[in-house]
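Presented below is the structure to which this report refers.
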Amino acid sequence: MELQADPTADDFAKLAWAIAHPARVQIVRFLIGRQACMCGEIVNQLPLAQSTVSQHLKILKESGLIQGEVDGPKVCYCINPECLESLKAFVNEL
């Protein structure tokens, strides 16, 4: 049996990699259901250095799973609901 080209494979792989770390899973779970959250609140939820949390937030943002808006000296993060639904759909299709 030969594998067929899958135009969604790259998008799925990008999202799967974004949540392939326990800290990023925790961040996503923390942000689900919230309107927005300051970076400091996320740092307070995890036993990690602020710089480490920032790196995880960067990866999640690059994947599209979360969005961030600059609010003065802080960044407000929230879930991108469309991207989260895409991830759920990809997993359901497995």
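The values are calculated or read from the model by the stated rules, or taken from the named source; none is laboratory data. Remember, it's a predicted structure, so these values are computed and weren't measured experimentally. Neighbour counts run over all protein chains shown; Cβ positions are idealised from the backbone, glycine included. Please note that ligands, DNA and RNA were not included when accessible areas were found on the heavy atoms of the full protein model with its side chains. Shrake-Rupley method; radii C 1.70, N 1.55, O 1.52, S 1.80 Å.
Excluding same-chain pairs closer than 8 in sequence, count the lysine pairs in the chain whose Cα atoms lie under 16 Å apart.
5
Specify the angular offset, from 0 to 90 degrees and rounded to the nearest 10, of the alpha carbon long axis of helix 50-63 from the longest principal axis of the alpha carbons in the chain.
On a 0 to 90 degree scale, this one is about 40.
Taking the chain as the reference, fit the longest principal axis to its C-alpha atoms, fit the long axis of helix 22-31 to the helix C-alpha atoms, and give the angle between the two in degrees, 0 to 90, nearest 10.
70
Using a simple charge model, +1 on the beta-carbon of Lys and Arg, -1 on the beta-carbon of Asp and Glu, nothing else, what dipole does the chain show about its Cα centre, in debye to the nearest 20?
500
In Å², and per residue, what accessible area does the chain have when probed at 1.4 Å with the other protein chains present?
Accessible area per residue: 68 Å².
Excluding ligands and nucleic acids, what accessible area in Å² is computed for Phe30 using a 1.4 Å probe, to the nearest 10?
50
Might you work out the accessible area of Val25 for me, using a 1.4 Å probe with all protein chains in place, and round it to the nearest 10 Å²?
40
Ignoring ligands, DNA and RNA, how do Leu65, Leu3 rank by accessible area with a 1.4 Å probe, largest first?
Leu3, Leu65
Could you tell me how many degrees, from 0 to 90 and to the nearest 10, lie between the Cα long axis of helix 81-92 and the main elongation axis, the longest principal axis, of the Cα atoms of the chain?
40
Rounded to the nearest 500, what is the chain's calculated 222 nm mean residue ellipticity when only DSSP H runs of at least 4 contribute -39500 (n - 2.57) each, over all residues?
-17000 deg cm²/dmol
Please report, as a whole percent, how much of the solvent-accessible surface of the chain comes from carbon and sulfur atoms (probe radius 1.4 Å).
55
Let me check I've understood the local charge: for His21, count other residues with C-beta under 15 angstrom from its C-beta, Lys and Arg +1, Asp and Glu -1. What total comes out?
+4
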